[in-house]
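Asker: Just passing along the structure, written as structure tokens.
The values are calculated or read from the model by the stated rules, or taken from the named source; none is laboratory data. Keep in mind the model is a prediction, meaning the values are calculated, not measured. Positions of Cβ are generated from backbone atoms using ideal geometry, with glycine treated the same way; all protein chains shown enter the neighbour counts. Note: areas computed on protein heavy atoms with side chains; ligands, DNA, RNA excluded. Shrake-Rupley method; radii C 1.70, N 1.55, O 1.52, S 1.80 Å.
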Amino acid sequence: MTTAAKTPCRLCGNPELSLLMDLGRQPIAHRFLEQPEEEFKHPLTLHYCEQCGLGQICDPVSPEILYKGYNYCFSEWKPEPHRETELDLICAHKQNAKIFEIGCNDGLFLEQLQLRGQQVCVGLEPNSFAKKFATEQRGLHVYETFLDEDTCNDALAKFGKFDLVMARQVLEHVPGIELFFKCVNMLLKDDGMVFIDVPDVGPGLKVGDCTIAWEEHVNYFTDNVLNNLLDRHGFTPVEEKKFNYSGGTLAVLARRKTARDVFVPSHDYLPFSRTFSERVQHYGARLSQALTLAKKSFDQVVIYGVGCRACALVNGHNLGGVIDFAVDDQMERQGKLMPGSQLEIKSPEVLQKPGAKSLVILAVNQENEAGVSAKTLAACPESHVTFLIVMGPTNIEQELDAFIAGIQS
Ligand SMILES: [Zn+2]
């Protein structure tokens, strides 16, 4: 079914987009509450393009509302197991290079490149806290602004053209893709390369996982869609990598294409996009039923993890009424309420009640599941804890089947 979207496709200009998923009115996922209150809510609707496959939010929440009083996250706070691999990948192709990073955050990655011998490392970062850290603590040259042509001209005047322009976890936030690549093209030497890393929604699309949706992400990529985008803007991949990080991450290093580089779109994820909404609804209804049933046989039904994916899961499937409370390791979140569901966030210590039977819904990224469950079991030797995995890339439909079979037996 196609719907007349408010805007044409950001990648290919197709005026007719199809519905990927409509989660209704949702709160802002990073906004924890101190006490119950009437929250700002916005429609969280994702579309996709039948021609190029790009998933997109057509009418994103304005940045003034979204990032007001933003509880900022520095890159050092979040472990990135794939960081070393990305650094190696770049340094295998570019040495003693001039590098420009769009959205450099606190400058951690640029500093690492510098330590590996890259010659000039310049960043751009709109967040003033992160920019201040990158310049004052790391001594980097960082522009505090959103990407625009004036800034590119200034950087070109100061440093000349660059060997590499990079953006990690940035392009999914950018509604102005044309301007983004215009700037990349301005900044880059003829033999320069571009390095891009974005979330991979492929695994989530396959398993009907609604937690791919986040209001801060306006674009949703699979590998072929990202390569299609690069091709349109004159680039062809040199190396591609996929990481099991935060539900799936794609990284591509690309050079300017020549007449011999022909891109063939695969449309490999279109069948999953077409049935996605239906599968999400079906999964949500079954999960809700299963949790309702579980409340009869468990003393407490708890969600472990309160990040943006947990928020999409609870609110997208309307699970607030069938979960007792949430737990999270981060102390600064404890005592607050989750957005939307307004579930209370407690310390994981509450699971240690001797003799208690707890169902723990694991709303943490797959790479952290084993650590969290092992730690929980070790901390609760006298209670009975059952885990349920609810986020991709795990096959969550199969996990739910097994869980339902378990509680019915
Ligand atoms: Zn398109």
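Asker: Does segment 329-357 hold any residues that are open to solvent by less than 20 Å² (accessible area, probe 1.4 Å), at pLDDT below 95 and not in a helix (DSSP H, G or I), and which are they?
Answerer: Listed by number, the list holds a single entry, Ala356.
Asker: Could you grab me the full set of residues in segment 113-142 that are open to solvent by less than 30 Å² (accessible area, probe 1.4 Å) and assigned to a strand (DSSP E or B)?
Answerer: Cys121, Val122, Gly123, Leu124, Val142, listed by residue number.
Asker: Looking only at segment 190-214, which residues are touching a strand residue (DSSP E or B) at 6+ places or on another chain (Cβ under 6 Å), more than 17 Å from Met391 (Cα to Cα) and open to solvent by 10 Å² or more (accessible area, probe 1.4 Å)?
Answerer: Result: Met193, single match.
Asker: Could you please tell me which pairs satisfy a Cβ distance under 7 Å, a separation of 6+ or placement on different chains, a first residue in segment 234-249 that is open to solvent by less than 20 Å² (accessible area, probe 1.4 Å), and a second residue that is among the aromatic types (Phe, Trp, Tyr)?
Answerer: Filtered contacts from segment 234-249: Thr249/Phe243.
Asker: Among Leu253, Leu226, which is buried (at least 21 other Cβ atoms within 10 Å of the Cβ) and over 18 Å from the mean Cα position of the chain (by Cα)?
Answerer: Numbers: Leu226 fails: over 18 Å from the mean Cα position of the chain (by Cα).
Within the list Leu253, Leu226, the selection yields Leu253.
Asker: Answer yes or no as to whether Gly321 is open to solvent by 50 Å² or more (accessible area, probe 1.4 Å) and closer than 19 Å to Leu287 by Cα.
Answerer: Details: open to solvent by 50 Å² or more (accessible area, probe 1.4 Å): yes; closer than 19 Å to Leu287 by Cα: yes.
Here the answer is yes, as Gly321 does meet what is asked.
Asker: Of all the residues that make up segment 294-303, how many are part of a helix (DSSP H, G or I) and surrounded by 15 or more Cβ atoms within 10 Å (Cβ to Cβ)? So that I can check it myself, show each step before the final result.
Answerer: Taking segment 294-303 and keeping what is part of a helix (DSSP H, G or I), we get 294-297.
Filter once more, so that each one left must be surrounded by 15 or more Cβ atoms within 10 Å (Cβ to Cβ): 294-295.
Total meeting the criteria: 2.
Asker: For segment 263-275, state whether one or more residues are in contact with a Lys or Arg (Cβ under 8 Å, 6 or more places away or on another chain), more than 29 Å from Asn368 (Cβ to Cβ) and assigned to a helix (DSSP H, G or I).
Answerer: no
Asker: Can you tell me which residues in segment 385-409 are over 28 Å from the mean Cα position of the chain (by Cα) and at pLDDT 90 or above? Show your work before the answer.
Answerer: Initial filter on segment 385-409 (over 28 Å from the mean Cα position of the chain (by Cα)): 385, 404-409.
Val385, Ile404, Ala405, Gly406 - these are the residues of segment 385-409 that are over 28 Å from the mean Cα position of the chain (by Cα) and at pLDDT 90 or above.
Asker: Based on what the data block shows, is Phe146 closer than 24 Å to Gln330 by Cα and not polar (S, T, N, Q)?
Answerer: No.
Asker: Glu382 versus (1) farther than 16 Å from Ala290 by Cβ; (2) not in a loop (DSSP other than H, G, I, E, B): which is the lone unmet condition?
Answerer: (2)
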